[in-house]
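These notes are about the structure you will find just below.
Throughout, read-outs are computed from the coordinates displayed, never taken from laboratory work. Being a predicted model, the structure only gives us computed values, none of them experimental. Reconstructed Cβ throughout: ideal geometry from the backbone, glycine too, with neighbour counts over all protein chains shown.
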Amino acid sequence: MAVDDKHISYRIYLVAVFIFVMSIAIVVKLTNIQWVEGNYYRKLAKQRTVRNFVIPANKGNIYSADGSLLATSIPNYEIRFDSKAPKEENFEKYIKPLSDSLAVIFDRPSGYYQNELRRARNNKNRYYLIARKLSYTDYVRIKGFPLFNLGAFKGGIIVEQETVRKHPIGKIAERTIGYDRIDPATGVEVGKGIEWAFKSYLNGKDGKILKQKIAKGQWKPIRDLNEVDPIDGYDVISTIDVFIQDIAHHALLKQLQDYEADHGCVVVMETETGHIKAISNLGRQEDGSYTETINYAVAESHEPGSTFKLVDLMAILEDKVADTSTVYDSHGGIIKYYGRAVRDSHTGGYGKISLARGFELSSNTVMVQAVYDNYKNNPAKFVNHIRSFGLDKPLGLHFKGEGRPIIPHPGDKIWSGISLPWMAFGYSVSVTPMQTLAFYNSVANNGVMVRPQFVSEIKEWNKTIKKFDTEVINPRICSPETLKKVRAVLGNVVKKGTASKLYSKDFPMAGKTGTAMVNYNKAGREGMYYASSFVGYFPADHPKYSCIVVVHKPNTAMNNYYGADVAGPVFKRIAQKIFTDAPSTNKIKRLDLKIPKQENSYNKFDVESNKKPKLIPNLKGMPGMDAIALLENLGLKVKVSGVGKVKKQSLQAGESISKNATIVLELS
């Protein structure tokens, strides 16, 4: 018995010693935490209960020159359901009316939602998807449904919001408007077009706010001096005219479809300012449709073909080595240089004709002789003319990815005996459609070359932050005498030359056709195709716009791939449509014209709004652009979804207008 007592006492002492040692260890650890590592743990606790949150800035809008909305940010909502949040009695009470309500909006029967919601609750699913990509109007509606109207903790509704960039005019000018986003695969910011080029103005600056974690996982703002308000992005006013853009887009699209072409582009530029009023870049997809993926007008540098012959004519006239009346023999339509043949498209040539007539008929043999005979002993002089015309370097546009021109110079590795004659009819050189357009536009603009512009100003509401004035690249591209002769010949191209099919006695146009072979050096001509083009200006007597059309790889099975037949009709359709519809457009823009119904309605609103507190107007049925203008004049920020007239508005008619409030319009 004594032995057992001894063992028991031993065990008690052992336990007591263990407890004592553990107590000492705990005291040491607590002392260490409190005094040695105290700052670290206090900082860690603060990080978990107090955190800086980003307040995203509102991104600016992109508008057209006529005030149409080209790009805006709208909220998208995703609704999910925490099936464990509602109490059993609330879940059973509201599951049927909730399912009935969901069935009204979505294309599913009420029974489907009842089964799905019960299955989610049985599986303890705390993140069941109800719907995604909802508009603000639908989000507000669903938030008020039975059960969901009890809130996140009692009703289980989970709302996630993201801001998406939308183009109200759809796919038109999509590549030029562009994008600025994070590539999900790499996490790198990528972008194109106006969105990317002017992101420093559009994006604004995010703010920050300090929040403290409180009960139920919520975060409460801590107002202190470190809070930074977000600075919203500025609006960008582009030079695009939606009316002209629509004409150009559909004119190009129709021709690409008719000729089953690979891709093409069209650009319309205001002659005096260089403002790009329309630009369309369409490429054929695998399913046969055409979409905007590459900015061909800006990025695609290629051999232009006969549109380059204007360089020949201007250089020759400037140097006075020949005149428009100088006669050349077309030699039966074929002439050889260093064993390589230069051929006219017209079999048998044109006989003996003047330089002007050779240009009008786009005779390769005439134009090549005129250049080679006069510059063979000093080819650098001819190349220097090309440089003086500004065709040897990029235009310096705001957009990244501008194609680089290739203009060989004597002494370069790529220079050869055939370089000079081949340059004379648009080969051995490479330029972009935009460069060619800028060159022809200088002829229309009385010899002044201006840089193409896509943006006219940056605005913050009605305040101009920055204005982009017209940039002159070359104030005098040639002498007045040369300019006069060149304009006459370009007019004759349409009147009695290769573009005579485009001639209209009621509407004068001027320009030059071009048909270039592409990939012609490949063995067996495999992969060779044609690029058809037309570039010019209108009206020819008092130019208002210049325009270029380029169509790549038209279907040669139709036996028609020349610039006058493929690209020319697009040019003519655009020119005539603009000026056929121009009178009605001009009348609408006159400030002194009375439009009683709409004007009286707006005037009445303005008068009454000055007498009474400002209220949200009823916008339903109003054209989207009119509604935006009206709301912005009231000091509201406007976000738009869809195209057309106002179908829904997030702030209801009659509500008081709060400062800096945002209203979301749904158009249809």
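Which ³J(HN,Hα) values, rounded to whole Hz and listed in residue order, are derived for segment 529-544 from phi using the Karplus coefficients 6.51, -1.76 and 1.60 in 6.51 cos²θ - 1.76 cosθ + 1.60 with θ = phi - 60°, glycine and proline given as x?
8, 10, 10, 9, 9, 8, 9, x, 8, 7, x, 5, 7, 9, x, 10
With charges only on Cβ, +1 for K and R and -1 for D and E, what is the dipole size of the chain about its Cα centre, in debye, rounded to 20?
1800 debye
Using a/c under 1.5 as the rounded threshold, could you call segment 133-220 rounded, prolate or oblate? The axes a ≥ b ≥ c are square roots of the C-alpha gyration tensor eigenvalues, and prolate needs a/b larger than b/c, oblate otherwise.
Judged from the Cα gyration tensor, segment 133-220 comes out oblate (a/c at least 1.5, b/c at or above a/b).
What are the trypsin sites (Lys or Arg not before Pro) within segment 460-491 that DSSP puts in a loop, where the Cβ has at most 14 other Cβ atoms within 10 Å?
Hits after loop and neighbour filter: ARG476.
For a protection proxy built on the mean count of beta-carbon atoms within 10 angstrom, sort 564-576, 498-510 highest first, please.
Numbers: 564-576: 24.7, 498-510: 17.5.
Highest-to-lowest ranking by the protection proxy: 564-576, 498-510.
What value, in deg cm²/dmol to 500, does the helix sum -39500 (n - 2.57) over DSSP H runs of n ≥ 4 give at 222 nm once divided by the residues of the chain?
Computed ellipticity for the chain at 222 nm equals -11000 deg cm²/dmol.
Once you order the gyration tensor axes a ≥ b ≥ c over the Cα atoms, which shape class does the chain get: rounded for a/c under 1.5, otherwise prolate or oblate by comparing a/b with b/c?
Numbers: a/c = 2.73, a/b = 1.98, b/c = 1.38.
Prolate, since a/c reaches 1.5 and a/b exceeds b/c.
Kindly state, to the nearest 0.05, the FRET efficiency for ASN462 paired with PHE507, given R0 = 35 Å and r defined as their beta-carbon distance.
0.40
Show me 81-89, 297-305 ranked by packing, highest mean number of other Cβ atoms within 10 Å first.
297-305, 81-89
Quote the FRET efficiency, to the nearest 0.05, computed for THR662 versus SER354 with a Förster distance R0 of 56 Å and r equal to the Cβ-Cβ distance.
0.25
Given H placed 1.01 Å from N in the peptide plane, which residues other than close sequence neighbours of ALA278 have an amide H under 5 Å from its amide H?
ASP241, VAL268
Of all chymotrypsin sites (Phe, Trp or Tyr not before Pro) in segment 302-362, which ones are in loop regions per DSSP and have a Cβ with at most 13 other Cβ atoms within 10 Å?
The qualifying sites are TYR338.
Could you sort the peptides 385-394, 56-65 by per-residue average Cβ neighbour count (10 Å cutoff), highest mean leading?
56-65, 385-394
Would you mind telling me the antiparallel percentage of the DSSP bridges in the chain, rounded to 5?
Of those bridges, close to 90 percent are antiparallel.
Would you give the gap between the C-alpha center of segment 173-195 and the C-alpha center of segment 301-327, rounded to a whole Å?
Here the two parts' Cα centres lie 41 Å apart.
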